[in-house]
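The values are calculated or read from the model by the stated rules, or taken from the named source; none is laboratory data. Here the structure is a predicted model, which is why all the values come from computation and not from measurement. Backbone-built Cβ (ideal geometry, glycine too); neighbour counts: all protein chains shown.
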Amino acid sequence: MKKKIKKEDLKNDSKRSLWRYAKFLPVESKHVVSLGEGITPLITAKNLSIPNGTKNIMLKLDFCNPTGSFKDRGTSVLISNAKKLRVKEVAIDSSGNNASSISAYSARARIKCYVFSPSYASRGKIVQLMAYGSKLFGVIGTRHETYQTAYNAVEAFEWYYCGSTNAFPIEGSKTLA
């Protein structure tokens, strides 16, 4: 049975993160891993020219999330689920934002994080994920080869995979709406 969302359910919730919507997310509150993500500014775009004449365009500033990325919404739910499953090690293949986000939330949950990144990845993102204590594996090759290398390691070491085939990030992303 679907849970019906009512404005009253949220009105008096003092949580300043996407976890104010915990009733509608697939993780129990005792497993939540949060850095305060989700309650980002919503502003009206002024002087934005849209060809069809649309006015009052609203912009959600998710770069105000803890790691500077919209990925934090999904990562909070993903790592919370990993915590619920008592996962000790996670892995991700990413060239930037996703790696930084997974690294930050894994560090918060005290879960070891392994990042597989193509050799051309942004140095700023690499520094960020390493600051969180993640172990970096640089992959010389294409983005697909980076994914394949990560996938092989996940299979061999039985790590929890945080990449594109994991459905939990979409649960956090839906809180944007």
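Okay, residues lined up against (1) closer than 15 Å to Pro169 by Cβ; (2) touching a residue at least 24 places away in the same chain (Cβ under 8 Å):
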{"residue": "Ala22", "(1), (2)": "no, no"}
{"residue": "Thr40", "(1), (2)": "no, yes"}
{"residue": "Ile43", "(1), (2)": "no, no"}
{"residue": "Ile50", "(1), (2)": "no, no"}
{"residue": "Cys64", "(1), (2)": "no, yes"}
{"residue": "Thr75", "(1), (2)": "yes, yes"}
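Asp72 meets all of the listed conditions (1) of a type in the set (Asp, Glu); (2) buried (at least 24 other Cβ atoms within 10 Å of the Cβ); (3) more than 11 Å from the chain's Cα centre (by Cα) but one, namely (3).
Residues in the stretch 1-42 that are of a type in the set (S, T, N, Q) and at pLDDT 75 or above: how many?
As a first pass, look at the stretch 1-42 and keep what is of a type in the set (S, T, N, Q): 12, 14, 17, 29, 34, 40.
Subsequent filtering for residues that are at pLDDT 75 or above retains 17, 29, 34, 40.
The qualifying residues number 4.
Given the structure, is Ser69 in contact with a strand residue (DSSP E or B) (Cβ under 9 Å, 6 or more places away or on another chain) and under 30 Å from Arg16 (Cβ atoms)?
Working: in contact with a strand residue (DSSP E or B) (Cβ under 9 Å, 6 or more places away or on another chain): no; under 30 Å from Arg16 (Cβ atoms): yes.
The answer is no for Ser69.
Take the conditions (1) outside any strand (DSSP E or B); (2) surrounded by 21 or more Cβ atoms within 10 Å (Cβ to Cβ); Val90 misses just one of them, which is (1).
Take the stretch 119-145 and flag every residue that is more than 19 Å from the chain's Cα centre (by Cα) and at negative phi. Show your work before the answer.
As a first pass, look at the stretch 119-145 and keep what is more than 19 Å from the chain's Cα centre (by Cα): 119-120, 123, 137-145.
Ser119, Tyr120, Arg123, Phe137, Gly138, Val139, Ile140, Thr142, Arg143, His144, Glu145, listed by residue number.
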